[in-house]
Structures are given as C-alpha cells and as structure tokens.
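Please read the structure below before turning to the comments.
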Amino acid sequence: MKFLSDELGLGGVIESSDVLAGGLPGNDELLAAVAERGAVLLRGFHLDKDSFERFTDSIGTVRPANVHWVTTRKFESSRGTESVDFGNDAIPLHAESYYTPICPQTVVFWCANSTARGGETLICDGERLYESLPPDVQEVLRSTVIHWRYQCSFARLVEQTQRPLAEFLEWCARTPNCEVVVDDKQRQLSISYSAPAIRTAEWTRRPAFANNLLSLAHSGVLADWVADLDPDLVATVGELAEKLTLKHNWRPGDVLVIDNTRFMHGRAAWSGGTRDVRVRMLTSDSLRIRHVDGQADAGTAIKRLLRNTAFRPRSIATNRLVGSWVKR
Ligand SMILES: O=C(O)CCC(=O)C(=O)O
Ligand SMILES: [Fe+2]
C-alpha cells in the first residue's frame, strides 16, 4: 500500500484502481489497512452522501460524540453524519471528543466538495509522536489525567448524540472513571469523566499521544482540565507534533478513515471557495451495543442501570442517582 505521505512514511492510500473486483475495498482489507497504518485515504471511489453512509455503516456503529457546551457542528442527516467544525479557522491537532466517555474509535471524513484555498486536514500519528518524546516527558504524560465535567438537560444530550438517553448511559457504563448524576426532577444530568492523557491504541496496543491536550493549551484552558501539567511541556509536544504532521489536500469524493485512538487530526485555515467536509464517528464492532428503540426517559434509564452489574451506585435518592461504572 502506498503511503499518504512518502516523506513522512505515514498513513496509506487505497485507490479505485488498486481494488481488483472494482467497487470499494472489502471490510477486512480496509480494517487491516487502518489497523496497520492508522489513517487510510480512499480515492477515486466516487462516494456520494448515501454510499458514504452505507460504507461507514459497514465498518462500525455510528455514535456521534458531539457533546459540547456550545455546539457548532450540524447534523447533515438523521443517520449521524455531521459537518466538520464550523468556520474556516485553523483547528489544532486533537483526537475527536477524546475527553468524553463516548470517544469514537474511528472517525471517517468525506469530502463532498472543496475548492477552498488551504483547508487541509492535518493528521499526526500519536504513537510515533509518543515514541519520539524524551522518556521524562513520557513519564509525566503517563501520569496525567484529563478531567471533563459536563452538565446538560436530557433533551440537549439526546439532540447532541442523536440517540436516546438510556443508550448514552449504557455507553458511559462501558467506560471506566466515568460518573453520572441523573436528576430526573430537573431533567438534567452531570457527567464527570477522567481520561488518561496516554491511552493504548485500539489496534496496535501501543501507547499513543492522541488526546485533546494541544487544543486545551491552544485555548489557554489547560489548567482548568488538567492539574499540574506544565504548559511548556505541552508546547514542546506541539512543536514535535508539527514536524510529524501531514497536510491532506482534499479532492471531492475522498474518504479518510482515521483510527481516533492512535491519530490526531486538525485543520489548516482556509479562505475563498467552498469546503464541504463531513464526518461520521464510529465505535468498533467490539463495542457494538444493542440499540434502544424509542425515547427512554431517565427513570427507565436508571432502572436499566441498576440491572447492569457494571454499575455501582453510591447513593440513590428518589430522583437522583450517583454512582460509578467499572469496566465489565
Ligand atoms: O475540518 C476539518 O478538516 C476537521 C475539523 C475537525 O477537527 C472536526 O470537524 O472534527
Ligand atoms: Fe475533530
């Protein structure tokens, strides 16, 4: 397989002429390529909106993780396809929604149209980045934890994930170090989640720097999320990351499949023309869960959780439930 960047020896490219039977590469072939290279561009397959959705459905379960205080992302379909982050500013390298308990395993971008000047999508192999760091920096990062606190109404959560609340709570149940307070009376929930800065990449099982620390540092809010992490250390990682980063120039119809547990992505600023890039966020088959039909209310969600052996309630009042989940 060709590299996406020969210079960096990074990523992979599958072109339509590489696939003997015509049509898209088979699932096994594609996933093997993503497992090995971490980011794979599919070029020349002429995917449209519907075939992009069918294709991504075949490689994982769609699970939009678009949970923010201020959401700028818009849903392009009722099937979890989202536009990329609004605007034409540059976006620092990050793993998608890393700080949430529903961090996607795979993100798949599709370019519907691009005539923009600039606007390349940046990608950086977090495994290579981690390996390139001095041992003392690796050590500090290995003990660093990123804390996310989020409070929102049931309705907003459902709007942001496009899934029933009960399903979101089940996802949280699969994530260690996630605590949720469900307030049935106020119809809101408070989530707190602690993510390790360095996580093992899903496919390669090697440590990767694929998180949101560079974004936090860029926005000047590092200290609010991470206790005692020297911003200079993060700046050093950012400088090294830049040297290892590839800028992907979009052609309409391109699809870029990224292992979000290993690679970070970002964007160069753009001006003029049109840039329509969309994204689907996926969990892997191993995380595929039974979908809950209809809109479960929090009461139902709580009952389900109490039946769930992975959930350890600390206290249960009539309308409030506080507890932690442990990994099954
Ligand atoms: O616009 C892009 O290329 C990527 C922006 C981004 O990070 C996102 O939408 O998740
Ligand atoms: Fe992103």
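Read the figures in this text as sums done on the coordinates, not as results from a lab. Remember, it's a predicted structure, so these values are computed and weren't measured experimentally. Positions of Cβ are generated from backbone atoms using ideal geometry, with glycine treated the same way; all protein chains shown enter the neighbour counts.
A few remarks follow.
- Relative packing of 148-156, 272-280, 134-142, 35-43, which averages over residues the other C-beta atoms within 10 Å, highest first: 35-43, 272-280, 148-156, 134-142
- Whole-angstrom gap from the stretch 33-57 to the stretch 208-247, using each part's C-alpha centre: 29
- When the P(r) is computed for the stretch 115-156, the part past 15 Å accounts for 69% of the Cα-Cα pairs.
- Out of every Cα-Cα pair that the chain contains, those further apart than 30 angstrom amount to 35 percent.
- The alpha carbon convex hull volume per residue for the stretch 40-85 rounds to 100 Å³.
- Restricting the stretch 186-246 to trypsin sites (Lys or Arg not before Pro) in coil, as DSSP defines it, with at most 11 other Cβ within 10 Å: ARG205
- Mean ellipticity per residue at 222 nm, deg cm²/dmol - from DSSP H runs of n ≥ 4 across the chain, formula -39500 (n - 2.57): -7000 deg cm²/dmol
- Ignoring aspartates and glutamates fewer than eight residues from LYS247 along the same chain, the ones with Cα atoms less than 19 angstrom from its Cα are ASP6, GLU7, GLU15, ASP85, ASP89, GLU96, GLU120, ASP125, GLU127, GLU239, ASP259, ASP276.
- The stretch 1-31 and the stretch 144-204: distance between their alpha carbon centers, rounded to Å: 35
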